[in-house]
Amino acid sequence: MTDAPGARGTALPATNHPHPATSGTPTVLTGATVVLPTGTVKNGRLAVHGTRIAPTVPENAQVIDVTDHYVIPGFVDLHNHGGGGASFTSGSVDDILKGIHTHRLHGTTTLVASTVTGDMDFLTRRAGLLSELAEQGEIAGVHFEGPFISPCRKGAHSEALLRDPHPADVRKLIDAARGQARMLTLATELPGGLDSVRLLADHGVIAAIGHTDATYEQTVEAIDAGATVATHLFNAMPPLGHRSPGPIAALLEDDRVTVELINDGTHLHPAALQLAFHHAGADRVAFITDAMDAAGFGDGRYWLGPLEVEVADGVARLVEDGTIAGSTLTLDRAFKRAVTVDGLSVEDAVTALSATPARLLGMADTIGSLEPGKYADLLILDSAYELKGVMRRGEWVVGPQLG
C-alpha cells in the first residue's frame with residue numbers, strides 16, 4: 001500500500017518555516033493574555049530558556065511584545081493519520097516527517113501517529129517504523145485504529161481486512177511497537193474483546209472503544225475491564241436511543257472515560273458537542289483531528305490504507321460509497337471553532353486540546369500546560385484566535401508573526 005500517486009493539493013507557504021534568528025535563544029513573551037492551569041493572566045509574561053519554560057527571566061533574553069495576543073500551550077493530538085499530502089499508515093519516513101511538520105505548523109506540538117486497518121504483517125512492520133520515530137521524539141507513540149473493529153461500524157476501513165480482537169494478535173501489535181504503543185481502538189463486543197482490553201491495560205496501552213456496535217451493557221462491561229477512551233464519540237457507533245442508549249450514554253456517564261471529539265463542523269453537530277461537554281466536562285474531552293493526508297494540503301484524490309478517498313471542499317469521503325473518511329482538520333481550526341462557534345471558553349478549549357490529552361498519555365509532567373520546568377511548547381494567537389506563532393521545545397516552528 002502506497003500513497004496515491006499525483007495526489008493534488010497546495011503547498012504550505014514558505015513564510016511558515018522556522019525563524020533562525022529567534023530559535024533556541026532565551027526568550028520572554030510579554031504583554032499577553034496567558035492561559036495557565038491556575039487561571040488566565042492578562043498582561044502576563046512567560047520566559048523560555050533552552051527547551052523549557054523558565055521560572056525566572058533568563059539573562060540576555062530576547063523580549064517579544066505580544067500585547068493583545070493569547071499565549072496558550074501547544075496542542076496535543078491523540079488521533080491523527082497524516083497531513084501535508086503524507087500518510088502515517090503507508091508513507092515513507094520522509095512522508096511521515098512532512099505530515100508531522102504540517103501539523104506543527106498548525107499548532108500541534110505533540111502528536112500520536114494513527115494507523116488504519118491492514119493485514120497483521122503490514123501493521124507490525126508499520127509499528128516498527130513508527131516506533132523509531134517515537135524513540136527519536138518526533139511523535140508521542142502509535143495508535144492502532146483497527147483491524148479489531150465491527151464490520152457493522154467499519155467507517156473508512158476495509159471490511160476484508162477486519163478481524164476479531166484475539167489477544168494473541170493484539171499482543172503482536174504491542175510487541176511490534178517496542179514500548180511505543182499508546183492506544184488501540186477496538187470493538188470490545190467482538191469475541192476476545194474484553195480479554196484484549198485487559199491485556200492492553202496490563203501493558204499500559206490505552207484501550208479505546210470505537211467503530212463499535214456494542215450495547216449500553218456491553219460498553220459498561222468493557223469500561224469495567226479497563227477501557228478508558230471513546231474513539232471519536234458519536235461517529236462509527238450506534239446513535240443514542242431512549243430505549244437502547246447504546247455506547248454513547250455509557251461512555252459519557254463514566255468518569256473513567258475520556259471522549260474524543262472531531263470538531264470540524266462535519267463530523268458533529270454543535271448540539272452533540274455541547275451534549276458531550278455538558279456530561280463529561282473539559283477534563284474528559286479530548287479534541288482530535290482524525291486527519292488524513294489532505295489535512296493542510298488540499299482537495300483531490302488520496303488513499304486511506306487500501307481505500308481511495310475524494311476530498312472536496314475540505315471533506316474527505318470514500319470514492320466507493322461516500323462514507324466520511326477521516327478529516328482534513330487541523331487543531332488550530334478546532335480551537336477557533338470551539339470558541340467562536342461552539343461557545344466554549346478559551347480555558348475549556350485549552351484543556352480539551354492540551355491538558356486532557358497530555359494527561360491521558362501520561363505526559364502531563366512535561367507538556368499540556370504552561371508551567372516552569374515543562375517543555376516550551378506554546379502558541380501565540382491573535383484576538384480573533386488566529387495562529388501567529390508556534391514554539392516547540394524552545395524552537396520557533398512558526399513566527400512569531402505580529403505585524
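The values are calculated or read from the model by the stated rules, or taken from the named source; none is laboratory data. Note that the structure is a prediction, hence the values are computed from the model and not measured. As a convention, Cβ positions derive from the backbone with ideal geometry for all residues, glycine included, and neighbour counts pool all protein chains shown.
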Yes/no for VAL205 being in contact with a Ser or Thr (Cβ under 6 Å, 6 or more places away or on another chain) and of a type outside the set (D, E, K, R): no
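Is there a residue in segment 183-190 that is over 30 Å from GLY322 (Cβ atoms) and touching a Ser or Thr at 6+ places or on another chain (Cβ under 8 Å)?
Going through segment 183-190, the residues over 30 Å from GLY322 (Cβ atoms) turn out to be none.
No, the conditions are met nowhere in segment 183-190.
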Yes/no for GLY226 being surrounded by 24 or more Cβ atoms within 10 Å (Cβ to Cβ) and closer than 30 Å to ILE367 by Cβ: no
Residue pairs meeting the criteria (Cβ under 6 Å; at least 6 apart or on separate chains; first surrounded by 22 or more Cβ atoms within 10 Å (Cβ to Cβ) and of a type in the set (D, E, K, R), in segment 182-206; second modelled with pLDDT of 95 or more and in a loop (DSSP other than H, G, I, E, B)): ARG182/GLY141
Candidate set: segment 94-119, residues that are in contact with a helix residue (DSSP H, G or I) (Cβ under 7 Å, 6 or more places away or on another chain) and either assigned to a helix (DSSP H, G or I) or hydrophobic (A, V, I, L, M, F, W, C) (or both); chosen: the one surrounded by the most Cβ atoms within 10 Å (Cβ to Cβ): ALA113
Residue in segment 170-183 that is at negative phi, at pLDDT below 95 and either part of a loop (DSSP other than H, G, I, E, B) or of a type outside the set (A, V, I, L, M) (or both) present: no
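Take the conditions hydrophobic (A, V, I, L, M, F, W, C), touching a Pro at 6+ places or on another chain (Cβ under 8 Å) and either more than 24 Å from GLY99 (Cβ to Cβ) or at pLDDT below 95 (or both) and apply them to ALA214. Does it pass? I'd like the intermediate steps shown before the answer.
Numbers: hydrophobic (A, V, I, L, M, F, W, C): yes; touching a Pro at 6+ places or on another chain (Cβ under 8 Å): yes; either more than 24 Å from GLY99 (Cβ to Cβ) or at pLDDT below 95 (or both): yes.
Criteria met by ALA214.
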The listed residue being at pLDDT below 95, closer than 30 Å to ASP290 by Cα and either within 15 Å of the chain's Cα centre (by Cα) or among the small types (Gly, Ala, Ser) (or both), out of GLY84, GLY39: GLY39
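How about segment 214-326: which strands (runs of 3 or more DSSP E) wholly inside it have at least 1 residues that are without any contact (Cβ under 8 Å) to a residue 12 or more places away in the chain? So that I can check it myself, show each step before the final result.
Details: elements: 258-262, 285-288, 300-304, 307-312, 315-318.
Once the strands (runs of 3 or more DSSP E) in segment 214-326 are filtered for at least 1 residues that are without any contact (Cβ under 8 Å) to a residue 12 or more places away in the chain, what remains is 307-312, 315-318.
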Of the criteria (1) modelled with pLDDT of 95 or more; (2) surrounded by fewer than 21 Cβ atoms within 10 Å (Cβ to Cβ), which one GLY298 fails: (1)
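Scan segment 138-153 and give yes if some residue there is acidic (Asp, Glu), assigned to a loop (DSSP other than H, G, I, E, B) and closer than 24 Å to ILE288 by Cα, otherwise no.
Our first condition is that a residue be acidic (Asp, Glu); within segment 138-153, this holds for 138, 145.
Going one step further and asking which of them are assigned to a loop (DSSP other than H, G, I, E, B), we end up with 138.
Subset that is closer than 24 Å to ILE288 by Cα: 138.
Yes.
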Residue count for segment 311-328, restricted to those that are surrounded by fewer than 17 Cβ atoms within 10 Å (Cβ to Cβ) and within 22 Å of ILE100 (Cα to Cα): 1
Options ALA134, ALA156; residue that is at pLDDT below 95 and either among the acidic types (Asp, Glu) or in the same structural domain as TRP303 (by TED's automatic domain parsing) (or both): ALA156
Hits in segment 352-378 - residues which are surrounded by fewer than 22 Cβ atoms within 10 Å (Cβ to Cβ) and among the charged types (D, E, K, R): ARG359, ASP365, GLU371, LYS374
